[in-house]
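Enquirer: Sharing a structure with you now.
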Amino acid sequence: MNGKIYITGKYSGIEHHLAVAKFEKVAQQLFQAGFTPENIINPTLIVPEGSLWEDAMKICIPLLSNCKGIYIQRDWHDSFGSKHIIKHAQQLHLQMFWEEMNDIELIKKHFLK
């Protein structure tokens, strides 16, 4: 494994347990693709439930600096937080992988060594 990957997607406006399940499904896909659990950054496991958006971003943005890539769930369009995370990931020149483009296969070929 060659670095950490951050998962982003819609979280606000979804019942907490459903959001956690949605992010966990992606984490499992990344694990099956070859990532170790410690190299998958799942913000639903890090940001305390009920946190304000600003507080969540104070936790999440610094985590990007330890990543080599970001996996973007297809519902990112509906998430101000995801758009914010993507902008920062672009500034850090992280590799971008898209659920809507089925980039799990791309990750296996180009991100995992």
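Enquirer: How much mean residue ellipticity at 222 nm does the chain get from its helices, if each DSSP H run of length 4 or more adds -39500 (n - 2.57) and you divide by all residues, to the nearest 500 deg cm²/dmol?
Expert: Working: 4 runs with 49 residues, N = 113.
Dividing the helical sum by the residues of the chain leaves -13500 deg cm²/dmol.
Enquirer: Please report, largest first and rounded to whole Å, the three semi-axes of the ellipsoid equivalent to segment 47-113, where each semi-axis is the square root of five times an eigenvalue of the C-alpha gyration tensor.
Expert: Values: eigenvalues 101, 40, 21 Å².
Taking √(5λ) for each eigenvalue gives 22, 14, 10 Å, largest first.
Enquirer: Next question, about the same structure. N66 versus L45, label points 7 Å from Cα toward the beta carbon: distance in nm?
Expert: 1.2 nm
Enquirer: Defining a contact as two alpha carbons under 8 Å apart and six or more residues distant in sequence, what relative contact order in percent does segment 70-112 show? Don't jump to the answer; show the numbers that get you there.
Expert: Numbers: 28 pairs, mean separation 20.0, N = 43.
In percent, rounded to a whole number, it is 46.
Enquirer: Remind me, relative contact order of segment 1-108 in percent, using alpha carbon pairs under 8 angstrom and six or more residues apart? Numbers along the way, then the final one.
Expert: Values: 142 pairs, mean separation 39.6, N = 108.
37 percent.
Enquirer: How many times 2.2 N^0.38 Å is the alpha carbon radius of gyration of the chain?
Expert: Details: Rg = 12.9 Å, N = 113, 2.2 N^0.38 = 13.3 Å.
The reported ratio for this selection is 0.97.
Enquirer: Next question, about the same structure. Could you work out how far apart the two model spin labels at H17 and D55 are, taking each label as a point 7 Å from the Cα in the direction of the beta carbon, and quote it in nm?
Expert: 2.3 nm
Enquirer: Follow-up question, since we're still on this one. Cα-based count: Lys pairs in the chain below 18 Å, eight or more positions apart or different chains?
Expert: 20
None of the figures in this text is laboratory data; all of them are computed from the coordinates on show. Not measured: the values here are computed from a predicted model. Virtual Cβ from ideal backbone geometry, glycine too; neighbours counted across all protein chains shown.
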